[in-house]
1. Return a yes/no flag: does the stretch 71-83 have any residue that is under 15 Å from residue 28 (Cα atoms) and either modelled with pLDDT under 85 or surrounded by 18 or more Cβ atoms within 10 Å (Cβ to Cβ) (or both).
2. Among the residues of the stretch 30-48, which ones are crowded, with 17+ Cβ neighbours inside 10 Å and either at pLDDT 95 or above or touching a strand residue (DSSP E or B) at 6+ places or on another chain (Cβ under 8 Å) (or both)?
3. Scan the stretch 64-88 for residues that are within 15 Å of residue 33 (Cα to Cα) and more than 13 Å from the chain's Cα centre (by Cα) and jot them down.
4. Taking the residues in the stretch 1-29 that are surrounded by 17 or more Cβ atoms within 10 Å (Cβ to Cβ) and at pLDDT 75 or above as candidates, determine which candidate is nearest to residue 80 (Cα to Cα).
5. Looking at the stretch 36-63, which of its residues are under 10 Å from the mean Cα position of the chain (by Cα), within 20 Å of residue 88 (Cβ to Cβ) and in contact (Cβ under 8 Å) with a residue 24 or more places away in the chain?
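The values are calculated or read from the model by the stated rules, or taken from the named source; none is laboratory data. None of these values were measured; they are calculated from a predicted model. Here the Cβ positions follow ideal geometry from the backbone for every residue, glycine too, while neighbour counts run over all protein chains shown.
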């Protein structure tokens, strides 16, 4: 599933019989991670950002999605990322990504 709230609402309807397993939409989540890393580390080249992205996507694949989100939000606050800088990344990590969690 991706971050589209209506999909999660539909999933709740389907969950009634207990057969639904919700899985992170990694394609969208990866793009959100890239954008967040670029916003938080603008001084680094793409080659320098790759390990940061790989680490966060790896943590995401190990079920640590909420920790990744908290870390990005903490960094954004700590680095005093402006609203306009956050908007440049799209909704992803700041609003949509929290809906995209593993539920097993």
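1. First, the residues of the stretch 71-83 that are under 15 Å from residue 28 (Cα atoms): none.
Looking for residues that are under 15 Å from residue 28 (Cα atoms) and either modelled with pLDDT under 85 or surrounded by 18 or more Cβ atoms within 10 Å (Cβ to Cβ) (or both), one finds none in the stretch 71-83, hence no.
2. None - no residue of the stretch 30-48 is crowded, with 17+ Cβ neighbours inside 10 Å and either at pLDDT 95 or above or touching a strand residue (DSSP E or B) at 6+ places or on another chain (Cβ under 8 Å) (or both), so the list stays empty.
3. Here is the first cut: in the stretch 64-88, the residues within 15 Å of residue 33 (Cα to Cα) are 64-76, 85-88.
Correct list: 74, 75, 76, 85, 86, 87, 88.
4. 29
5. To start, the set of residues in the stretch 36-63 that are under 10 Å from the mean Cα position of the chain (by Cα) comprises 36, 56-57, 60.
Remaining after also requiring within 20 Å of residue 88 (Cβ to Cβ): 36, 56.
If the condition is that a residue be under 10 Å from the mean Cα position of the chain (by Cα), within 20 Å of residue 88 (Cβ to Cβ) and in contact (Cβ under 8 Å) with a residue 24 or more places away in the chain, then 36 is the only one that fits.
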